[in-house]
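The values are calculated or read from the model by the stated rules, or taken from the named source; none is laboratory data. Every value quoted in this text rests on a predicted model; they were computed, and no experiment measured them. Heads up, the Cβs are rebuilt from the backbone with ideal geometry, glycines too, and the neighbour counts pull from every protein chain shown.
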Amino acid sequence: MAKKILIIDDDPLVVKLLKNIFEDNGYETCSAENGVEGAEVVKTFKPDMITLDLEMPKEWGPRFYRKLVKDNEYKDIPVIVISGLSSIKHSIRNIVGYLGKPFEADEVLALTKKALGEPDDS
């Protein structure tokens, strides 16, 4: 069964790029445009990993993350922050990794494999 990745980002081009990278490598994906929508999708999609933008409308990534880790059912889901805001990347502790925008596909895949405990074949 394919591992499931939730992409939370308000930029449709970034979402499309990440979906293509993940799906081309055998992962199942779902997306949300902001933290509010992401919180609902987590409950229904039950992802194995989340990529999270920091700056989004309605609810920023750090607030979504703080709510996520307070819930025992979802607190252990690995999170990779992918954002253009490098100055606040440390606002979220215990993330698996951080990638600035723009990013390379191989960087995303290496962090994803690390987050999911998979061997890195690259």
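Considering only residues in region 36-54 that are touching a strand residue (DSSP E or B) at 6+ places or on another chain (Cβ under 7 Å) and free of Cβ contacts under 8 Å to residues at least 40 places away in the same chain, the one that is farthest from residue 5 (Cα to Cα) turns out to be 54. Here residue 26 fulfils each of the conditions (1) assigned to a helix (DSSP H, G or I); (2) among the small types (Gly, Ala, Ser); (3) on the phi > 0 side of the Ramachandran plot apart from (1). Taken over region 60-75, the criterion of being over 14 Å from the mean Cα position of the chain (by Cα) and either among the acidic types (Asp, Glu) or part of a loop (DSSP other than H, G, I, E, B) (or both) is satisfied by 71, 72, 73. Here residue 36 clears all of (1) closer than 28 Å to residue 119 by Cα; (2) surrounded by fewer than 20 Cβ atoms within 10 Å (Cβ to Cβ); (3) β-branched (Val, Ile, Thr) except the condition numbered (1). Exactly one residue out of 119, 102, 57, 47 is surrounded by 16 or more Cβ atoms within 10 Å (Cβ to Cβ), part of a loop (DSSP other than H, G, I, E, B) and of a type outside the set (A, V, I, L, M, F, W, C): that is 47.
Look at region 98-122: where a residue is more than 12 Å from residue 21 (Cα to Cα) and a partner is among the basic types (Lys, Arg) and part of a loop (DSSP other than H, G, I, E, B), sitting 6+ places away or on another chain with Cβ atoms under 7 Å, you get 116/3. Of everything listed in (1) free of Cβ contacts under 8 Å to residues at least 24 places away in the same chain; (2) within 23 Å of residue 2 (Cβ to Cβ), the single unmet condition for residue 71 is (2).
Inside region 81-97, residues that are modelled with pLDDT of 90 or more and surrounded by fewer than 20 Cβ atoms within 10 Å (Cβ to Cβ) make up a count of 0. Test residue 50 against the stated conditions and say whether it is at pLDDT below 90, of a type in the set (Val, Ile, Thr) and under 13 Å from the mean Cα position of the chain (by Cα). Considered against the rule, which asks whether it is at pLDDT below 90, of a type in the set (Val, Ile, Thr) and under 13 Å from the mean Cα position of the chain (by Cα), residue 50 comes out as no.
When region 1-33 is filtered for residues that are crowded, with 18+ Cβ neighbours inside 10 Å, in contact with a Lys or Arg (Cβ under 8 Å, 6 or more places away or on another chain) and under 15 Å from residue 115 (Cβ atoms), the ones remaining, listed by number, are 7, 27, 29. When residues in region 18-35 are screened for being over 12 Å from residue 109 (Cα atoms) and free of Cβ contacts under 8 Å to residues at least 12 places away in the same chain, 0 of them pass.
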